[in-house]
Amino acid sequence: MVVVLTAICLIASALLAVVFNMTKDPIAKAEVAKVNAAISAVVPEFDNVPSDEVFEIEDGAKVSKVYPAKKGDQIVGYAIEVKSGGFGGPIQIMVGFTPDGVIYNTSVVAASGETPGLGAKILDENIPTRVQLKGLNPAETKLVVKNDGGSIDAITASTITSRGFLKGVESAYVVFQKIQSK
């Protein structure tokens, strides 16, 4: 019995290793394509490959990735990837800033734990919560939902997700400020 169970475990382990090795490169390529699509959506037109020039900035216990977008040698924007807490878990957000600190656009890379039909609406780039941020300068605007005394519309019936999203945008702005101070 021990020999049979050992053989089954070894065969299952070998099959898992083969499947892992077959799928790891396509999964990695798909992840890079997803990040590059998010970068393209949040910064002005560029001609470099921001994912090749990525660097990290620490903000307390959090580490954020920064993708500089350039046209020639000129920085046209920064795409900053952060994670923030939503209703059902972390929301992975990409926030694009122009060199003067204005939000160019936002993209939600992942929000798998948000409630379908409610918090998952954060994935829609046309919801008011995200549309209102375009062209805002966080130095001049409080990034808080109206329920909390701010000026940003929350997703209907999903204020927690909206708060988490805005906290993520705020975190990205803190990272942007650290870049500017260097």
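The values are calculated or read from the model by the stated rules, or taken from the named source; none is laboratory data. This structure is a prediction, so every number in the text was calculated from the model and none was measured. We place every Cβ from the backbone using ideal geometry, glycine too, and count neighbours over all the protein chains shown. Ligands, DNA and RNA are stripped out before the accessible areas are found, and what is left, the full protein with its side chains, is counted by its heavy atoms. Shrake-Rupley method; radii C 1.70, N 1.55, O 1.52, S 1.80 Å.
Relative protection proxy for 138-150, 39-51, 1-13, from highest mean packing down: 39-51, 138-150, 1-13 (other beta-carbon atoms within 10 angstrom).
Selection among Leu10, Pro26, Ile103 by position relative to the dipole of the chain gives Leu10 as farthest towards the positive end (Cβ unit charges, Cα centre).
Counting only DSSP beta bridges with both residues in the chain, the antiparallel share comes to about 95 percent. Taking packing as the residue-averaged number of other Cβ atoms within 10 angstrom, the listed peptides 91-97, 25-31 run from highest to lowest as 91-97, 25-31. With each label modelled as a point 7 angstrom along the Cα→C-beta vector, the Lys71-Asp52 pair spans 2.0 nm. For the chain, the fraction of 1.4 Å probe accessible surface lying on carbon and sulfur atoms is 60 percent.
Give the angle, between 0 and 90 degrees and rounded to the nearest 10, that separates the Cα long axis of helix 159-180 from the longest principal axis of the Cα atoms of the chain. Helix 159-180 sits at roughly 80 degrees to that axis. Based on the reciprocal of the average 1/r between different C-alpha atoms, the Kirkwood radius for the chain equals 17.9 Å. Dipole magnitude for the chain: about 320 debye, using +1 per Lys or Arg Cβ and -1 per Asp or Glu Cβ, origin at the Cα centre.
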